[in-house]
Amino acid sequence: MYKITFTLLLLLAFACERSMTFREFEQDVFDQVFIDVVDATYRDKRLTELFPEDDRRISKEDFNSIEKQIKISRYRVIRDSLRNDTLDLVIAVSNKGNINEKSDLRRYDTRKFRFKKYSELPVESNLDNWSDKYPKFMGVMSFSDIRFNKEKSVGELDVSYSCGGKCGFGFTVSVYKSHGSWRVKKVVQTWIA
């Protein structure tokens, strides 16, 4: 009799589904929205660094010169080719929020993005060491913890994106649960450097 009771209690204990802790829940939500959040908040720093060859603004008078028109058309060809070059973009991710030293960033890799730990290279304010090592380096991102409502059906997180030196953006990203999965609802730019 004791063996049957013990066996039933043991089966009951293993059959009970383990409830998810808040950190596990938050990590699960973060994993579901990570790529969409990155795609909505990153900027192609190669476009912000691209200027006509003589490093000055193009004025209306410049269009009168054939030489200037050639330079401008070269600039536009390069700009358009960079806009279309959207494979294997490298983004460094800092250790904040749901990302830490134990996180395996390779699980987030897609055809468009390759993620690296920001701690991989020494810290430099202008991020030149990253650009030297990875020609398609886009910048450094950090993510806050997700703040949820009481029902845990809506959440919000802060995203910082730095493209080096005095180049950076901040965003607040709203996420919501729809049909069992989490989606990005709204992205609001909160600061710019």
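I'd like the full set of residues that are buried (at least 17 other Cβ atoms within 10 Å of the Cβ) and among the polar types (S, T, N, Q), limited to region 151-171. Within region 151-171, 160, 162 qualify.
Out of all the residues in region 93-132, which are of a type in the set (S, T, N, Q) and either touching a strand residue (DSSP E or B) at 6+ places or on another chain (Cβ under 8 Å) or over 25 Å from residue 193 (Cα atoms) (or both)? Those that are of a type in the set (S, T, N, Q) and either touching a strand residue (DSSP E or B) at 6+ places or on another chain (Cβ under 8 Å) or over 25 Å from residue 193 (Cα atoms) (or both): 94, 95, 98, 100, 103, 110, 125, 126, 131.
With the requirement that a residue be surrounded by 12 or more Cβ atoms within 10 Å (Cβ to Cβ) and of a type in the set (A, V, I, L, M), what does region 66-81 give you?
Of region 66-81, the ones surrounded by 12 or more Cβ atoms within 10 Å (Cβ to Cβ) are 68-69, 71-72, 74-75, 78-79.
Matches in region 66-81: 72, 78.
Looking at 91, 99, just one residue is within 12 Å of the chain's Cα centre (by Cα) and modelled with pLDDT under 90, and that residue is 99. Taken over region 74-101, the criterion of being within 19 Å of residue 146 (Cα to Cα) and either among the aliphatic types (A, V, I, L, M) or without any contact (Cβ under 8 Å) to a residue 12 or more places away in the chain (or both) is satisfied by 93, 99, 100. Against the conditions (1) in contact with a Gly (Cβ under 7 Å, 6 or more places away or on another chain); (2) at pLDDT below 95; (3) not small (Gly, Ala, Ser), residue 148 satisfies every one except (2). Residue pairs whose Cβ atoms lie under 7 Å apart, sitting 6 or more positions apart in sequence or on different chains, and linking a residue in region 168-193 that is in contact (Cβ under 8 Å) with a residue 12 or more places away in the chain and at positive phi to a partner that is surrounded by fewer than 16 Cβ atoms within 10 Å (Cβ to Cβ) and of a type in the set (Phe, Trp, Tyr), do not occur here.
The values are calculated or read from the model by the stated rules, or taken from the named source; none is laboratory data. This is a predicted model, so every value here is computed, not measured. Cβ: placed from backbone, ideal geometry, glycine included. Neighbour counts: every protein chain shown.
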